[in-house]
1. Is it true that some residue in region 216-231 is within 25 Å of the chain's Cα centre (by Cα), among the charged types (D, E, K, R), at pLDDT 95 or above and in a strand (DSSP E or B)?
2. Considering only region 198-206, I want to know if a residue exists there that is over 29 Å from the mean Cα position of the chain (by Cα), part of a helix (DSSP H, G or I) and among the aliphatic types (A, V, I, L, M).
3. Looking for whichever is loosely packed, with under 11 Cβ neighbours inside 10 Å and farther than 17 Å from residue 75 by Cβ here; the options are 25, 20, 16, 5. Which one fits?
4. Among the residues of region 147-197, how many are part of a helix (DSSP H, G or I), among the polar types (S, T, N, Q) and within 27 Å of residue 24 (Cβ to Cβ)?
5. Looking only at region 323-337, how many residues end up being in a helix (DSSP H, G or I) and either touching a Leu at 6+ places or on another chain (Cβ under 6 Å) or surrounded by 20 or more Cβ atoms within 10 Å (Cβ to Cβ) (or both)?
6. If I filter region 211-237 down to residues being near the ligand (Cβ under 8 Å from one of its atoms) and out of contact with any Pro (no Cβ under 7 Å at 6 or more places or on another chain), which single residue comes out as farthest from residue 314 (Cα to Cα)?
7. As an exercise: evaluate residue 156 against (1) within 22 Å of residue 128 (Cβ to Cβ); (2) modelled with pLDDT under 95; (3) of a type in the set (Val, Ile, Thr) and give the number of the one condition it does not meet.
8. Being among the basic types (Lys, Arg) and away from the ligand (no atom under 16 Å from the Cβ) is the filter; apply it to region 144-178 and report the residue that is surrounded by the fewest Cβ atoms within 10 Å (Cβ to Cβ).
Amino acid sequence: MEEWRGLVPPLLEWYRDNARTLPWRSDPTPYHVWVSEIMLQQTRVAAVLGYYARFLEALPTVADLAAVDEERLMKLWQGLGYYSRARNLRAAAWQIMEEHGGIFPSDYQSVRALKGVGDYTAGAICSIAFGLPVPAVDGNVLRVMARLTGDGGDITSPAVKRRVTGELAEVIPTAAPGAFNQAMMELGATVCLPNGAPLCDRCPVRDRCAALAQDRVDQLPVKAPKKARRVEERTVWLIFRRGRAALRRRPEKGLLAGLWEFPNELGDTMPAEWGIRAASDSFGGTARHIFTHIEWRLTARVVRAAGEELPPGWVWADGEELRTRYAVPGAFDGVSHVVERELKKGE
Ligand code: SF4
């Protein structure tokens, strides 16, 4: 790594001149960096901006986050996906209140021990908010490093990640660790783009890039192929009665744990045990939602219930309650226009 310690100054200079202005960068308190980094996991910056602003307005401090009730937390997160992130945030806020007297811990081990905080996030918080020289290695950084060093190792493997982390630990400048980590991430996000499309002519470290010198840019990084997604054909029953829709809660564990949803099952037969008598039942359209490992293909059926009875734990929700109270995940966005249209009818 010695030979490319020299990339630090041009990288930092480039970052200073080209960093995007982002709200969590202008006031990088540990809380702000933490919330933004958790939101940014698997999620694009543009999608996070609005959520970040609303979240901080509703819960401006760790103490507020620790005190928020589940329903409100899920509502603040609604549509952002990967909901366990929100629950882990709150669980970590409890840890901070109980184990650290409400003060965000400032050493790596304690930050890493917070619920939902992995190596990358701990590195980001410690370097950006506390100025500690700890690398923060995410997918962007792994891609940049594979190309810069010409490393053909599989970047999804933990061994390669450990190696890259070790290499970066040797060059991270103690005077500006946060800027360095963010510069690496920013380079990956805006210049050293994935899928063989990097903008090398704009790259501040192209003189030191092994992939460019060896004409291997489109071959790096090497990534083991992902497992194919499981496709699930599900029917979602949009059940209405007197201007309200039936909702049920998902199980406390697993996909979309604990969130509210329109009842849905594999196959196309409404389970008899629900005991719902349909006054009418019609096709309501189709929708698709892609999770990391599963793809839902939804067929919606619009059902008018003949009675009020619902299975235990289910609720009737009107339009206002759907907007403000019950967090229904984005997986159902494809049928939400049907729900809105049917609720307006008030039947
Ligand atoms: Fe990435 Fe191209 Fe820069 Fe190399 S020169 S680090 S491939 S953008």
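1. No; the residues of region 216-231 include none that is within 25 Å of the chain's Cα centre (by Cα), among the charged types (D, E, K, R), at pLDDT 95 or above and in a strand (DSSP E or B).
2. No, there is no match, as no residue in region 198-206 is over 29 Å from the mean Cα position of the chain (by Cα), part of a helix (DSSP H, G or I) and among the aliphatic types (A, V, I, L, M).
3. Only one candidate qualifies: 20.
4. 4
5. Selection size over region 323-337: 3.
6. Among those that are near the ligand (Cβ under 8 Å from one of its atoms) and out of contact with any Pro (no Cβ under 7 Å at 6 or more places or on another chain), it is 212.
7. (1)
8. Applying the filter and picking the extreme gives 162.
The values are calculated or read from the model by the stated rules, or taken from the named source; none is laboratory data. These numbers were taken from a predicted model, which means no experiment stands behind them. No Cβ is skipped: glycine too gets one built from the backbone with ideal geometry, and neighbour counts run over all protein chains shown.
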